[in-house]
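Enquirer: Quick one: the structure is below, and I'll ask about it shortly.
The values are calculated or read from the model by the stated rules, or taken from the named source; none is laboratory data. On a predicted model such as this, the values are computed, not experimentally measured, just so you know. Virtual Cβ from ideal backbone geometry, glycine too; neighbours counted across all protein chains shown.
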Amino acid sequence: MKKFLFFALLISGFLGARSYAQPEAPEPAIKTGFEGSFSTVPVFPGCDGETNEGSLLGCFQEGVRNVIIQNVKYPPMALEQGISGVVYVRFTIGTEGEVKDVRSVTGRTYNKELETEAIRVLRKLPAMSKPATLNGEPVNVSFVQPVRFVVN
């Protein structure tokens, strides 16, 4: 059986990520991180003790990464066919901290199974302890998370 690395996450925060290319099919240039207007980031469960925006952001990203690591399963058919790729998933954190509207924004996908798995896993994100705010009021904010699937 082939050895494989489930994925490598590209977390970039507010600035976007580098686009890495498969030799035969370049990745689309998709900005990752938060989208929308806000003054404070949403608080991932367990991050309530963080005191500044930078540490809240880092804790949020680590929380998302841990949910992916704990839940992703490489789709068997994609693994057997040696299919690798990156799926970009956008989700919205609502005004009550709920995670909603989880969907792929890749534009095209190397494999529908990879896309389905990335969406399934990010639907497992817990509600946030606190939503994002703007001028002290809760606001919806979206986040784009790349999930990389790699077969060695």
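Enquirer: Got a number for residues in segment 118-152 being hydrophobic (A, V, I, L, M, F, W, C) and assigned to a strand (DSSP E or B)?
Expert: 10
Enquirer: Another question, then. Among (1) surrounded by 16 or more Cβ atoms within 10 Å (Cβ to Cβ); (2) outside any loop (DSSP other than H, G, I, E, B), there is one condition GLY54 misses while meeting the rest; what is its number?
Expert: GLY54 satisfies every listed condition except (1).
Enquirer: So, one more: I want to confirm something. Restricting to segment 18-66 and keeping residues that are among the aromatic types (Phe, Trp, Tyr) and in contact with a strand residue (DSSP E or B) (Cβ under 6 Å, 6 or more places away or on another chain), which single residue is modelled with the lowest pLDDT?
Expert: Filtering first and then ranking leaves PHE34.
Enquirer: How about segment 75-114: which of its residues are surrounded by 16 or more Cβ atoms within 10 Å (Cβ to Cβ), closer than 12 Å to GLN145 by Cα and not hydrophobic (A, V, I, L, M, F, W, C)?
Expert: TYR88, ARG90, THR92, SER104, THR106
Enquirer: Out of the residues in segment 128-152 that are crowded, with 16+ Cβ neighbours inside 10 Å and aliphatic (A, V, I, L, M), which is farthest from VAL99 (Cα to Cα)?
Expert: VAL151
Enquirer: What about ILE69, is it β-branched (Val, Ile, Thr), loosely packed, with under 14 Cβ neighbours inside 10 Å and either over 17 Å from VAL147 (Cα atoms) or modelled with pLDDT of 90 or more (or both)?
Expert: Answer is yes for this residue.
Enquirer: Does segment 107-148 hold any residues that are among the hydroxyl-bearing types (Ser, Thr, Tyr) and touching a Pro at 6+ places or on another chain (Cβ under 8 Å), and which are they?
Expert: THR116, SER129
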